[in-house]
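The values are calculated or read from the model by the stated rules, or taken from the named source; none is laboratory data. The shown structure was predicted, so the numbers you read here are calculated from the model rather than taken from an experiment. As a convention, Cβ positions derive from the backbone with ideal geometry for all residues, glycine included, and neighbour counts pool all protein chains shown. Areas reflect the complete protein model, heavy atoms only, side chains present, ligands, DNA and RNA absent. Shrake-Rupley method; radii C 1.70, N 1.55, O 1.52, S 1.80 Å.
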Amino acid sequence: MWKKLIVVALMLALFAWSLTLIKKQKTENVVETPEADSEPVVQVEEKLPETVYSFNAQSVTAECSEDVNDMLCAVENAVKCTLKPDLDICKKLHLPNFIFMTDPTVERPTEMNYKFINKKVLPNGSTEIYTESSCNGGWFDLCQGTIIYVLGQSNGKWNVKDIYAIE
């Protein structure tokens, strides 16, 4: 009889200990990185500007509106190079090749507006910047609606590696 009571008491203790571990795991706000040797990365919410940025191909300049934030400036430069790929800064940037396409069938926009709406830091070191955008051209459907700019670092600078849209 005593053996049964001891076994039941130990089972209850094990169950209680498991519940505390589960509760503790749910309260932690840590994102694990794929590398086993690295430290966990804590997600930090960053406030994005609420400004609506508007650019016109005839009046774009090399100066960045958000020069204090390299990531936001990289997005702005990608937009400017979309509008006017022969701009001097475009030659120095590492942008997706389709931005520089000159095919006459490509409907390149001449005006573009966007607002930053979200930012996600990915475990692989990339960052996704989400924008709500509109333009006056087709441009592979990459300037209307929610557009995501994937950024990565190269030589200590942020560059747009890819651009895609979600519906």
Hey, could you check the stretch 101-150 for residues that are aromatic (F, W, Y) and at pLDDT 90 or above and say which is surrounded by the fewest Cβ atoms within 10 Å (Cβ to Cβ)? Y130
Say we look at the stretch 90-134 and pick out the residues that are of a type in the set (A, V, I, L, M) and under 22 Å from the mean Cα position of the chain (by Cα); which of these is nearest to L151 (Cα to Cα)? I129
Checked the stretch 106-145 for anything more than 14 Å from K80 (Cβ to Cβ) and assigned to a loop (DSSP other than H, G, I, E, B); matches are V106, E107, L122, P123, N124, G125, S126, N136, G137, G138, L142, Q144
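How many residues does the stretch 124-151 hold that are among the charged types (D, E, K, R) and without any contact (Cβ under 8 Å) to a residue 24 or more places away in the chain?
Initially, the stretch 124-151 is screened for residues among the charged types (D, E, K, R), giving 128, 132, 141.
Subsequent filtering for residues that are without any contact (Cβ under 8 Å) to a residue 24 or more places away in the chain retains 128, 132.
Residues in the stretch 124-151 being among the charged types (D, E, K, R) and without any contact (Cβ under 8 Å) to a residue 24 or more places away in the chain: 2 in total.
Can you tell me which residues in the stretch 157-167 are open to solvent by 10 Å² or more (accessible area, probe 1.4 Å) and in contact with a Leu (Cβ under 6 Å, 6 or more places away or on another chain)? It would help to see each step written out before you state the result.
In the first step, residues of the stretch 157-167 are kept if they are open to solvent by 10 Å² or more (accessible area, probe 1.4 Å); the result is 157-159, 161-167.
Correct list: W158, I163, A165.
So, S154, is that one closer than 18 Å to L72 by Cβ, touching a residue at least 24 places away in the same chain (Cβ under 8 Å), surrounded by fewer than 16 Cβ atoms within 10 Å (Cβ to Cβ) and touching a His at 6+ places or on another chain (Cβ under 8 Å) or not?
Working: closer than 18 Å to L72 by Cβ: yes; touching a residue at least 24 places away in the same chain (Cβ under 8 Å): yes; surrounded by fewer than 16 Cβ atoms within 10 Å (Cβ to Cβ): yes; touching a His at 6+ places or on another chain (Cβ under 8 Å): yes.
So S154 passes the test.
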Return the total of residues in the stretch 78-95 being within 16 Å of S154 (Cα to Cα) and buried (at least 18 other Cβ atoms within 10 Å of the Cβ). 3
Could you please find all residues in the stretch 127-155 being within 21 Å of P49 (Cβ to Cβ) and of a type in the set (S, T, Y)? T127, Y130, T131, S133, S134, T146, Y149
Which residue pairs have Cβ atoms closer than 7 Å, lie 6 or more positions apart in sequence or on different chains, and pair a first residue in the stretch 74-95 that is among the aliphatic types (A, V, I, L, M) with a second residue that is assigned to a loop (DSSP other than H, G, I, E, B) and at pLDDT below 95? A78/L95; L83/A57; L83/V60; L83/P109; L83/T110; L87/V60; L87/A62; I89/A62
Which residue is modelled with the lowest pLDDT, if the candidates are limited to the stretch 28-78 and must be part of a loop (DSSP other than H, G, I, E, B) and hydrophobic (A, V, I, L, M, F, W, C)? A36
